[in-house]
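The values are calculated or read from the model by the stated rules, or taken from the named source; none is laboratory data. What you see is a predicted model, and the numbers here were worked out from it, not measured in a lab. For neighbour counting, all protein chains shown are included, and Cβ atoms are generated from backbone atoms with ideal geometry for every residue, glycine included.
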Amino acid sequence: MTTVALKDVTKVFADGTIAVDSVNLDVNDGEFMVLLGPSGCGKSTVLRMVAGLEEPSSGAILLDGELANDLPPRDRRIAMVFQDFALYPHMTVGDNIAFPLRLSGVEPAPRGERVNDVASALGIGDVLARKPSQLSGGQRQRVAMGRAIVRRPGLFLMDEPLSNLDSGLRAELRAEISGLVRELGVSTIYVTHDQAEALTMADRVAIMRKGVLQDVGTPTQVYGRPATLYVAAFLGSPRMNLLEASVYVHLDRYVTLTLGEQALYLPWDDIRSRAVAHYHGERIVVGMRAEALSPVAPDAPGHVLQGRIRYLEHHGHESLAFLDIGATAIVVDELGGPARGQNQPGSRLRRFGHAVQRLTGRATVPNQSDQARETVRPGARTSVLNDPGRHHRRPAELAVRLAPYPAVAAGHPLAISVRMDALHFFDERGDRIDVGWR
């Protein structure tokens, strides 16, 4: 088996595009690591550099502790599974699976045995004589998997292998791939933009955006304690509600979180209140998932917010109500400006000025150069409510889970109870406000 270590790996293309920016990542022996992120975030480039198909601009790639930057792909003991299957159309299924063994000089008898074993394990033993054009999408993906597995590699690299399949077949093959790889005990790096695949298949998830690694952890960790505002917004369905809140500390009693004209009160005996209290008089971002909210009677005790239903979505097993509580939402734009580390001339001050407008409502002085603004606000701290990505404000629509087809409609008032222990807090730079990291 194989371990993988990326040390400050950067990839800059000829046109100056920073595809991967100082990524540090370790993949343990036998681990199923998923690289997750939107299209264009650099995850496939990372995979290609590990495979040896792309050369890193800087940094080190280690396989089993040995530097592999200059090692050709054929010597890396890897097998890749691609999105488009990449099967040879003129060959039968059996010949496609056997092709890497034939190139390696394996004798026909043991070659046939290994092909039959792999095909049986993948449920395609009865189609070995067919051509790829005679197979369904799911069968062709199994053939591609079989061709990779038959080599008995030390490392699997999978680049969105299920994205061309329908949702039902994807769910079926997710379970098959995950079970098979764990049975083989082969280290795996799996690239996807589908969070369902990442959270159900991975031992650990590495979340990327614009070439920058945002968070790494088990599915439970990255979902339950996202390290950045971007990760919080990216994971979950419906997405986490992200609200702008003003902090006011009542020492030894509680911390008030003002959301528009309403407020929540974080008890002083909650260990997180000490960390949040550092932001007294400032604005932060409070995140709450739909599972942290439940409808209650308007006069119910506890931490309750009042709102009015803007609209409903019916999903059969549940309904989602989107509630106007008079608060301001922070919206993370996945396709926004440069990510952390991707500096452009003058961009730091422009981003700071935009963040000031969003968080305080005060605009920076117009028609001034970036140099003049830096003179006016020396040492200004860059706000990462635009890093990672641009963010903008809009009236909050709080997503709340209800029973299927509830007896309410748009315009109806609704009171919701908030689980204070399930709240997430982020500072104006987009970093998690917390104590005792994981």
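Summary of values
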{"item": "Scan of the stretch 253-288 for residues that are hydrophobic (A, V, I, L, M, F, W, C) and assigned to a strand (DSSP E or B), ordered by number", "result": "VAL255, LEU257, LEU259, ALA263, LEU264, LEU266, ILE284, VAL285, VAL286, MET288"}
{"item": "Scan of the stretch 289-319 for residues that are under 14 Å from VAL408 (Cβ atoms), over 30 Å from the mean Cα position of the chain (by Cα) and outside any strand (DSSP E or B), ordered by number", "result": "ALA297, PRO298"}
{"item": "Residue match in the stretch 158-178 (condition: under 30 Å from GLY65 (Cβ atoms) and either part of a helix (DSSP H, G or I) or hydroxyl-bearing (Ser, Thr, Tyr) (or both))", "result": "yes"}
{"item": "Residue count for the stretch 109-151, restricted to those that are charged (D, E, K, R), closer than 28 Å to ARG76 by Cα and without any contact (Cβ under 8 Å) to a residue 12 or more places away in the chain", "result": "2"}
{"item": "Unique residue being farther than 20 Å from ASP431 by Cα and at pLDDT 95 or above when the list is VAL216, VAL255, VAL249", "result": "VAL249"}
{"item": "Condition broken by ASN69, with the remaining ones in (1) among the polar types (S, T, N, Q); (2) farther than 25 Å from GLY123 by Cβ; (3) part of a helix (DSSP H, G or I) satisfied", "result": "(3)"}
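Okay, residues lined up against (1) in contact with a Leu (Cβ under 9 Å, 6 or more places away or on another chain); (2) in a loop (DSSP other than H, G, I, E, B); (3) surrounded by fewer than 21 Cβ atoms within 10 Å (Cβ to Cβ):
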residue: ASP8; (1), (2), (3): no, no, yes
residue: LYS11; (1), (2), (3): no, no, no
residue: GLY16; (1), (2), (3): no, yes, yes
residue: LEU35; (1), (2), (3): yes, no, no
residue: GLY40; (1), (2), (3): yes, yes, yes
residue: VAL46; (1), (2), (3): yes, no, no
residue: MET49; (1), (2), (3): yes, no, no
residue: GLY59; (1), (2), (3): yes, no, yes
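For every residue, the table says whether it meets (1) in a helix (DSSP H, G or I); (2) over 9 Å from the mean Cα position of the chain (by Cα); (3) touching a residue at least 40 places away in the same chain (Cβ under 8 Å).
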| residue | (1), (2), (3) |
| --- | --- |
| VAL191 | no, yes, yes |
| GLU197 | yes, yes, yes |
| VAL205 | no, no, yes |
| MET208 | no, no, yes |
| LEU213 | no, yes, yes |
| VAL222 | yes, no, no |
| SER237 | no, yes, yes |
| ALA245 | no, yes, yes |
| TYR248 | no, yes, no |
